[in-house]
């Protein structure tokens, strides 16, 4: 184990036992979990992560029951167990629940729970954001699932294709889907921001980029994928909901719209989504395999290549879901080629795991059983995936049960089996008790047999012509026995999950506590004490290896005795370390906020906006949005950018760190930057829509409709860019401590932003663009309104900064608020510039 | 071995350089073909100039990827130390990032060629 000369070492002498006891008492006091009803105000990652995980599993069970109902219906030809309408709702909700309410949230849940431990951090940098995301998820998920009990659930399939969902389905089902899931997607993006910043900035000192656990690499990649994949769907949701609610014809061909735009936006999200749910499970495998092979992972660099490479290539596959829509052969060829290429990195990581198992001394365990079963199953699904990636084959198999078979092999093998294995692996860490190896083996064999009996025949039924999403079938097709076998298999699979569930839930009160680090793993999460303490890590270690528990001498003792960083909480605050991105050099002692109910209020009111909007109660939704804004501002005001009582803090080992940091070294700046990348992606998706119409349709823009003109858009653009300049000036004046000039700049920036927004609206307004007449005025209005809404948010942010300064919560030295707002305005300027170029400069280029 | 000072500072962006070139190439090929087939060519028309454009994009992309990959190869291989690059040293961190950049360049080059092959085998907008 080589390291740089002068690398920090733990204290040679441990503090006296009395000092250690006092330190521990103060740490426990700072990090204690609230009790009684206040327990639900907890924001610590260990509580929120646990609730998140349990909620995700509840939704998983709900989705599983829906699957069984479908299999009962399809067990026999011409069955009438379910009506067609009910069946449509159930298959739609099964897909929706599994993808949006289980697969993505479970990754975020497990990561919130485990990532800080793996990084030796006390918590993630924005614990209240995690809590807010969780409550949004719970409210939104319950709302979406609840619709099924009122016969109001969406029934357009989990990809909600218009015009089926825009012109042919009455009721509020599609609205529930569009608004309910948009709400949940916001929560997913919030968690992604949190996790990315966590991996980049909250690693323990010394954990250079070549030493981080592979789990963290995958989470970094998946977080980035979410930031770029979810916004196109949110953009699509906005367009489809506006069409449904206000008759703006984005997907109506009669008025220049195009249903294919939805398919593009959905699958730009939807295909990366498959990898977003798959890679975190690979990440779990990457933690389990070296532990049970008793050797470091083989090909760490290759696994990183696979994670990053898959992340990129997965964005070049979306059209392979659209091979039968009549696209030019060359387009199909391009996407088919990328679909084949993604098999390379996917395969590489599998070979790395197999190589690790080959060179190691493998210890048998249920965890490994699920990993190996998952790998084998996933490979079968991957190979059928390569088959459907070939366009001529896809033309035959499209929309048949072959695809259903393929995707379940991929998702159950690639995602769910490793998660179940991960539960067996990490359950002792969370509860200090083992799950049963015997029950685990029974569950595994039931699951793997059930999986194959259910889904293997679907390849045959599909090739024989059984279409997916049709509520019954005729005996003439000759698939009766195959369907019956599938249905039997689904109950075998479900019984495996029942055994697993029983094992998790059964009382273990009489079983002894496990010994610490039961699997003899080498990564930091296994520092957790038995029973676990709320502080995360007794002292934050200096890391010199990929497997520090195994490689660094006396490592656990040194952590436990407080010989490393931050062994104390003298001031009673919750604190963790922020480090640099590449070499994890300490740069800040970050204070994070504690329990609160304000995040619940923020989530409830945010949910109110979406839920009330579903029922077109626009006034109530408006009131809810004002209340949500008030709650979020209150949360920011009381819980962020505290001015500390002293500049620096001694974090032990001879280091003192600043407590307050602003700019690119600060976690808040990174969060804003990453959030705005996602925001820009949504905006670019709307612009993609504009150019999509222009490319495909001769009548875009239609004859007889003038554009928004040049004068008003350019005037609006200039005013908003001036507002941007004034924001930069305000930041400068604040730093110079020129209070008068600072307030002057802020007020001028606000006035210019109001005037600029007004001018932007005047463009389409003055030229009489009617958004219901044709898609051209509709998309221009959407782009303008998007920009104006962002200007509105920018105005609120500026006024917030002025108020912070007036209240002495922001000063020349402590200027994180205005620094982050300026960063927002940089993106705002880009938004404005693109808007003006497109709507004023582009409309009549042909 | 002591690294020259400019190699002490690295950025994560080096990892995503080659895949980003792939992504830009991919989007350029897709949009060129889509716009050509929708706006320029008759139904079932010849890809013509669009194929040449894709050829030019591909050459440019491969040159870019080769530069990143070569840089990675040279820097990861100083003193001929083999992986796993798992020491807590600046040298190993440099080697690791450059090694990963090299591997990603190889993958990006293969994926770029895959995409370009579509234009080799398909000559029309059918």
Task: Angle between chain B longest axis and helix B:13-35 axis [Cα atoms, degrees, rounded to 10] - done: 0 degrees
Task: For A:159-165, mean number of other protein chain Cβ atoms within 10 Å - done: 0
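Could you tell me what fraction of 2.2 N^0.38 Å the Cα radius of gyration of the stretch A:8-111 comes to, as a two-decimal ratio? Walk me through the intermediate numbers first.
Details: Rg = 24.1 Å, N = 104, 2.2 N^0.38 = 12.8 Å.
So the Cα radius of gyration is 1.88 times the expected 2.2 N^0.38 Å.
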Task: With Cα atoms, 0 to 90° folded angle of helix B:90-121 axis to chain B main axis - done: 10 degrees
TODO: Between residue A:81 and residue A:533, with labels modelled 7 Å along Cα→Cβ, what's the label distance in nm to one decimal, could you check?
DONE: 5.4 nm
TODO: Report the percentage of all Cα-Cα pairs in the stretch A:76-168 whose separation exceeds 21 Å, rounded to a whole percent.
DONE: 49 percent
TODO: State, as an integer percentage, the relative contact order of the stretch A:48-505 based on alpha-carbon contacts under 8 Å between residues 6 or more apart.
DONE: 16 percent
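Mind giving me the FRET efficiency for residue A:505 and residue A:376? R0 is 25 Å, r the Cβ-Cβ distance, nearest 0.05 is fine.
Details: r = 28 Å, r/R0 = 1.13.
Calculated value: 0.30.
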Open item on the list: For a quick check: sort A:65, A:274 by the number of other beta carbons within 10 angstrom, fewest at the front.
Closed with: A:65, A:274
Open item on the list: Suppose each label sits 7 Å from its Cα in the direction of the beta carbon; what would the residue B:73-residue A:703 distance come out to in nanometres?
Closed with: 5.9 nm
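Find the relative contact order for the stretch A:714-846 and round it to a whole percent, using C-alpha pairs within less than 8 Å whose residues are 6+ positions apart.
Values: 136 pairs, mean separation 44.3, N = 133.
Over the stretch A:714-846, the number comes to 33 percent.
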- [ ] Could you bin all the Cα-Cα distances of the stretch A:531-575 into 10 Å bins starting at 0 and give me the percent of pairs in each, rounded to whole numbers?
- [x] 27, 52, 20, 2
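In deg cm²/dmol, rounded to 500, what helix-only [θ] at 222 nm does chain B give when every DSSP H run of at least 4 residues adds -39500 (n - 2.57) and the total is split over its residues? Write down the numbers at each step before the final one.
Values: 3 runs with 83 residues, N = 126.
Computed mean residue ellipticity for chain B: -23500 deg cm²/dmol.
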Open item on the list: Can you tell me the orientation of helix B:49-76 relative to chain B, as the angle in degrees between its alpha-carbon axis and the longest Cα principal axis, to the nearest 10?
Closed with: 10 degrees
- [ ] With the cut-off at 24 Å, report for chain B the share of all Cα pairs above it, as a whole percent.
- [x] 42 percent
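Taking 0.36 nm per residue of sequence separation and subtracting the Cα-Cα distance, how much length would be gained by fully extending the chain between residue A:728 and residue A:755, in nm to one decimal? Provide the component values of the computation, followed by the final result.
Numbers: separation 27, 0.36 × 27 = 9.72 nm, distance 1.84 nm.
Computed gain between residue A:728 and residue A:755 is 7.9 nm.
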Task: Theoretical FRET efficiency, 1/(1+(r/R0)^6), r = Cβ-Cβ of residue A:142 and residue A:445, R0 22 Å, to 0.05 - done: 0.05
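For residue B:66 and residue A:386, FRET efficiency with R0 = 30 Å and r from the beta-carbon atoms, rounded to 0.05?
Details: r = 28 Å, r/R0 = 0.93.
For R0 = 30 Å, the calculated efficiency reads 0.60.
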Open item on the list: Taking 8 Å as the Cα distance limit and 6 or more residues as the minimum spacing, I'd like the relative contact order of chain A as a percentage.
Closed with: 17 percent
TODO: Tell me the label-point distance for the pair residue A:351, residue A:488, using the 7 Å Cα-to-Cβ offset, in nm and rounded to one decimal.
DONE: 4.0 nm
Task: For the stretch A:432-567, alpha-carbon Rg and Dmax in angstrom - done: 24.4, 75
TODO: Count the DSSP beta bridges whose two residues both fall in the protein assembly as shown, then state the antiparallel fraction as a percent rounded to the nearest 5.
DONE: 95 percent
Task: Order of A:94, A:738 under a 10 Å beta carbon neighbour criterion, fewest first - done: A:738, A:94
TODO: Report Rg (one decimal) and Dmax (nearest whole number) for the stretch A:363-412, counting Cα atoms only, units Å.
DONE: 13.5, 45
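What is the mean number of Cβ atoms from other protein chains located within 10 Å of the Cβ atom of each residue in peptide A:292-305, rounded to a whole number? Don't skip to the end; give the middle numbers.
Working: counts 0, 0, 0, 0, 2, 2, 2, 3, 7, 15, 4, 1, 7, 11.
Mean inter-chain Cβ contacts per residue within 10 Å come to 4.
Going by how many other Cβ atoms sit within 10 Å of their own, how do A:726, A:629, A:513, A:284 line up, fewest first? Don't jump to the answer; show the numbers that get you there.
Values: A:726 23, A:629 16, A:513 13, A:284 29.
The order, fewest Cβ neighbours first, is A:513, A:629, A:726, A:284.
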Task: Global form of the protein assembly as shown, assessed from the alpha-carbon gyration tensor, a/c cut-off 1.5 - done: rounded
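Mean residue ellipticity at 222 nm from the helices of chain A, using -39,500 (n - 2.57) per DSSP H segment of n ≥ 4 over the full residue count, to the nearest 500 deg cm²/dmol? All intermediate terms of the calculation are to be shown ahead of the outcome.
Working: 27 runs with 529 residues, N = 846.
Value at 222 nm, helices only: -21500 deg cm²/dmol.
Could you state the per residue volume, in Å³, of the convex hull enclosing the Cα atoms of the stretch A:667-841? Kindly include the intermediate steps, with their values, before the conclusion.
Values: hull volume 16.7 nm³, N = 175.
Hull volume normalised by residue count: 96 Å³.
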Open item on the list: Viscosity 0.692 mPa s, temperature 37 °C: what is the translational diffusion coefficient of the stretch A:48-505 from Stokes-Einstein with a Kirkwood Rh over Cα pairs, rounded to a whole number of µm²/s?
Closed with: 146 µm²/s
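Throughout, read-outs are computed from the coordinates displayed, never taken from laboratory work. These figures come from a predicted structure and were not determined experimentally. Glycine gets a Cβ as well: all are built from the backbone with ideal geometry, and neighbour counts include every protein chain shown.
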